[in-house]
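One structure is given below, encoded as structure tokens.
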Amino acid sequence: MKKGITKKELSTEQAILKAAKKIFIQKGMEGARMQEIADEAGINKALLHYYFRSKDKLFEAIFTEAFQRLVPNILELLNSELPLFKKIEMFAEKYIDAFIENPFVPGFIMHELSRDPDKIVNVIRNVGINPAVFIRQIDQEIENGNINPVNPYHLIVNMLAMCIFPFVATPILMNILFDRNAQTYMEFILQRKKEVPHFIINAIKKK
């Protein structure tokens with residue numbers, strides 16, 4: 001609990017964040033309205049603005065909270081002693097599960113990168129992301145002859161992109177590939193947890 005914040009205030013703030021997350025998932029950043037969030041949280045709009053001055057501030061708080069929950073798990077995984085291929089499998093699973101729970105995060109990242117890239121960079125930097133251990137492991141596997149020569153930075157970007165893109169492109173995929181069938185789309189997303197690492201591992205492992 002933050003210094004100076006009472007239990008009641010913290011409870012109200014958590015109720016707001018929970019309500020806002022629900023509305024943002026349903027309607028997206030642009031479609032959500034502060035009045036809807038206040039109604040969902042069971043408070044008046046004035047009280048909502050007391051805690052969060054704008055929709056942008058509220059969205060940023062939710063994004064930061066979601067990102068801070070995800071990153072420690074990813075860091076623990078990448079810094080672990082697990083074999084490289086197991087890390088790739090678990091990386092895809094953890095990222096995709098996190099985006100299923102917080103589907104607004106990838107779109108928000110893309111939106112903010114075009115509007116205020118420094119803000120996203122600072123959030124990511126502040127949660128302590130450092131891929132150095134993972135990069136050294138990739139280099140060691142190459143040196144040991146266990147995987148094909150690959151640029152570790154390209155490998156990491158490919159892992160991220162293959163996990164993130166289906167969420168960023170949800171409107172396109174839903175309408176063009178899946179004929180607006182949400183169940184079929186979600187089945188596809190769940191399959192990605194296996195398809196992504198399978199594709200990447202097959203691309204780098206020695207034949």
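Okay, residues lined up against (1) among the hydroxyl-bearing types (Ser, Thr, Tyr); (2) at pLDDT 80 or above:
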{"position": "Lys7", "(1), (2)": "no, no"}
{"position": "Thr12", "(1), (2)": "yes, yes"}
{"position": "Gly31", "(1), (2)": "no, yes"}
{"position": "Ala66", "(1), (2)": "no, no"}
- Does Glu76 satisfy being closer than 21 Å to Ile156 by Cα, modelled with pLDDT of 80 or more and out of contact with any helix residue (DSSP H, G or I) (no Cβ under 8 Å at 6 or more places or on another chain)? yes
- Note on the structure: Of Arg115, Arg192, the only residue that is within 24 Å of Phe24 (Cα to Cα), touching a residue at least 60 places away in the same chain (Cβ under 8 Å) and not β-branched (Val, Ile, Thr) is Arg192
- Task: Report, by residue number, each residue of segment 154-167 that is crowded, with 17+ Cβ neighbours inside 10 Å and of a type in the set (A, V, I, L, M, F, W, C).
- Result: Leu155, Met159, Met162, Cys163, Ile164, Phe167
- If you take the residues of segment 149-182 that are closer than 23 Å to Glu101 by Cβ and part of a loop (DSSP other than H, G, I, E, B), which of them is nearest to the chain's Cα centre (by Cα)? Ala169
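Condition check ((1) part of a helix (DSSP H, G or I); (2) under 30 Å from Lys87 (Cβ atoms)) across all residues:
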residue	(1), (2)
Met29	yes, no
Ile37	yes, no
Glu40	yes, no
Arg53	no, no
Lys57	yes, no
Glu65	yes, yes
Leu75	yes, yes
- When you go through Gln137, Gln183 one by one, which is the residue that is among the polar types (S, T, N, Q) and within 24 Å of Leu75 (Cα to Cα)? Gln137
- Listed by first then second residue, the pairs whose first member lies in segment 129-143 and is surrounded by fewer than 16 Cβ atoms within 10 Å (Cβ to Cβ), whose partner is of a type in the set (S, T, N, Q), with beta carbons under 6 Å and at least 6 positions apart or on separate chains, are Val133/Asn79
- Restricting attention to segment 87-108, which residues are in a helix (DSSP H, G or I), over 19 Å from Glu195 (Cα atoms) and touching a residue at least 40 places away in the same chain (Cβ under 8 Å)? Phe104, Val105, Pro106, Gly107, Phe108
- Message: Of the conditions (1) touching a Cys at 6+ places or on another chain (Cβ under 9 Å); (2) under 25 Å from Lys27 (Cα atoms); (3) of a type in the set (A, V, I, L, M), Ala92 satisfies every one except a single condition; which number is it?
- Response: (2)
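The values are calculated or read from the model by the stated rules, or taken from the named source; none is laboratory data. Fair warning: this is a prediction, and the values are worked out from it, not measured in the lab. Cβ: placed from backbone, ideal geometry, glycine included. Neighbour counts: every protein chain shown.
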